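Each remark here refers to the structure printed beneath this line.
Laboratory data are not the source of any read-out in this text; all were calculated from the coordinates shown. Keep in mind it's a predicted model, so treat the numbers as computed, not measured. Don't worry about glycine lacking a Cβ; one is built from the backbone with ideal geometry, like all the others, and counts go over all protein chains shown.
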Amino acid sequence: MRSSANRSSLYLYLAWLVATVATLGSLYFSEIRLFIPCELCWYQRIAMYPLAVFLGIAAFYEDTRIKKYVLPLSIIGGSISLYHYLVQKVPGFAAIKPCAQGVPCHAQYINWLGFITIPFLALTAFTLITILLLMIRPKNS
């Protein structure tokens, strides 16, 4: 019984760690490397930044009930990341927006190994967080 609770606390902590690294990574790209986020990047940030805060508080208090509140945020953020990655990598996937201001969403600031872009990194983080949250078992009170 206690082993299951320990594992759930570990999964919660790991999910917080992933969210924190992703948040710091996005701040590194925008504040240090001076990459201007596109519109879809902002939506992904809107989903990721609260995860770092909420999961940190939940991990501190070992509150696994947070799962039902943050899991939808992680899935929505992952869906936006997947769409953004497809916009970048699949020709003709996104609609043409001739009047868009700022950075276009198909721009790729990084392209490591030919497939790792910023939305791919965000998708990886959201996927890991989602998997870790799904592995959490609620405490029987």
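Quick notes on this structure:
- Sorted into 5 angstrom bins from 0, the C-alpha pair distances of the chain split as 2, 10, 19, 21, 16, 12, 9, 6, 3, 2, 0, 0 percent.
- The label point for VAL103 and the one for ARG65, both projected 7 Å from the Cα toward the Cβ, are 4.0 nm apart.
- Over the chain, relative contact order from alpha-carbon pairs under 8 Å, at least 6 apart, %: 38
- Length added when fully stretched, ARG33-LYS89, from 0.36 nm per residue minus Cα-Cα: 17.9 nm
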